[in-house]
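Okay, structure first, notes after.
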Amino acid sequence: MDWERRLRARLAARRAPKKSEQELKDEEMELFTKYYMEWKGGKKSDNISYVNIPRFYYRNLWFLLDKHQTSPVIGEEAMINYENFLKVGEKAGPKCKQFFTAKIFAKLLHNDPYGRISIMQFFNYVMRKVWLHQTRIGLSLYDVAGQGYLRESDLENYILELIPTLPQLDGLEKSFYSFYVCTAVRKFFFFLDPLRTGKIKIQDILACSFLDDLLELRDEELSKESQETNWFSAPSALRVYGQYLNLDKDHNGMLSKEELSRYGTGTLTNIFLDRVFQECLTYDGEMDYKTYLDFVLALENRKEPAALQYIFKLLDIENKGHLNVFSLNYFFRAIQEQMKIHGQEPVSFQDVKDEIFDMVKPKDPYKISLQDLINSSQGDTVTSILIDLNGFWTYENREVLVASDNDNTADVDDT
């Protein structure tokens, strides 16, 4: 596709004699962005993190790559061979020279029969590298100690000053900013600071996807579905904080064990909740919002190692670093008691114990370590069986639920 020709034609048709050179450059940039997004398939959010990258990278590089496409065209993917790749590197200037190496070409080389790489993949690779470099510099400005880490207060300042640059957060009241910042920062520290040292490597922040999720909020046209699944979006933050306020029946800004017992479906066992208040930071036996956020992040992400570590610590009542038959029975008895209260016939612990060990397949047949739980990919199921009646009921009736889903699908197909 001849980008330059299309841009010049559009500009010539729309050019007014009174426009300054800068205005014309801005219009050209706007048109390039529009065509680039069309080429990508219209998904503006794919590259929303790159909005602050200099025009040099965003425009000149793409035009040079497009001009040096290598035939034949297969499908809609523009390709370039190594010879033309080096030619673009010579013309792109010193700022781009670092990206035109044999190593990077080989990294992006897949199964093309002509030994070419995708122009789009290379372009996105460069954009990502430049963005990471810029973001690292931005984060380093908040590294007060200059050690390559951000403390909680440093990250709070970074996110607080980032809020005005995120259009999706325009509707937030300033009075909610402190709660929003707390909600956002907690996710970084929960997952990236498992040892609770109070600081995170800037390198780890850049390597994870959380910053991408946060900067996705620059997209003014972000879909409702994307907002609902993004922890950092305004609807998500308001949902979590709203749940906290709804649980706080005495309106003292803290949660007691009784108030927390109504969390979710209200089926977490009392023994598990006891352990939460024994192990987690509380104030006069009540939980503040920050501690509540850790609790929510753990229960909403039970497949993740950090969440399993949080729950495992609560299940490890003897603090031995593993779960044995005694600890499993200790927690499952509470599930059996809840079943009796609801008029259900309690399930035999022996059966459940055998199923858990079969699912996890621990190295030691008599005890389950955290690593066993993570390696099994069944950690979310095992923990749900032990701490939540609703989770156990879902597991116990999994075959019925699957059959019901299949029946519903068949009904839809018939209509």
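Brief remarks follow.
- In a residue-by-residue description of the stretch 162-178, the property of being within 25 Å of Tyr310 (Cβ to Cβ), of a type in the set (Phe, Trp, Tyr) and touching a helix residue (DSSP H, G or I) at 6+ places or on another chain (Cβ under 9 Å) applies to no position.
- Note on the stretch 188-241: enclosed helices (runs of 4 or more DSSP H) holding 3 or more residues that are open to solvent by 40 Å² or more (accessible area, probe 1.4 Å) and not polar (S, T, N, Q) are 224-229.
- For the stretch 193-232, a residue qualifies if it is closer than 13 Å to Glu152 by Cα and more than 12 Å from the chain's Cα centre (by Cα), and the qualifying residues are Asp193, Arg196, Thr197, Gly198, Lys199, Ile200, Lys201, Ile202.
- Residue, nearest to Phe191 (Cα to Cα), within the stretch 279-309, restricted to residues that are open to solvent by 30 Å² or more (accessible area, probe 1.4 Å) and in a helix (DSSP H, G or I): Pro305
- Matching option when the condition is touching a Gly at 6+ places or on another chain (Cβ under 8 Å) and at pLDDT 95 or above, among Ser369, Ser327: Ser369
- Scanning the stretch 318-328 for residues that are open to solvent by less than 50 Å² (accessible area, probe 1.4 Å) and either out of contact with any strand residue (DSSP E or B) (no Cβ under 6 Å at 6 or more places or on another chain) or part of a loop (DSSP other than H, G, I, E, B) (or both) returns Gly321, Asn324, Ser327, Leu328.
- Total residues in the stretch 381-400, condition within 14 Å of Ile356 (Cβ to Cβ) and in contact with a helix residue (DSSP H, G or I) (Cβ under 8 Å, 6 or more places away or on another chain): 10
- Residues located in the stretch 215-241, provided they are charged (D, E, K, R) and under 26 Å from Gly138 (Cα atoms): Glu216, Arg218, Asp219, Glu220, Glu221
- Test: residue in the stretch 81-93 that is hydroxyl-bearing (Ser, Thr, Tyr) and modelled with pLDDT of 60 or more: yes
- You will find that of Glu355, Glu399, the residue that is under 27 Å from Gln338 (Cβ atoms), modelled with pLDDT under 95 and out of contact with any strand residue (DSSP E or B) (no Cβ under 8 Å at 6 or more places or on another chain) is Glu399 and no other.
- Within the stretch 329-339, none of the residues are within 30 Å of Val181 (Cα to Cα), open to solvent by 50 Å² or more (accessible area, probe 1.4 Å) and outside the structural domain of Pro194 (by the TED database).
The values are calculated or read from the model by the stated rules, or taken from the named source; none is laboratory data. Fair warning: this is a prediction, and the values are worked out from it, not measured in the lab. Don't worry about glycine lacking a Cβ; one is built from the backbone with ideal geometry, like all the others, and counts go over all protein chains shown. The accessibility values were calculated without ligands, DNA or RNA, using every heavy atom of the protein model including side chains. Shrake-Rupley method; radii C 1.70, N 1.55, O 1.52, S 1.80 Å.
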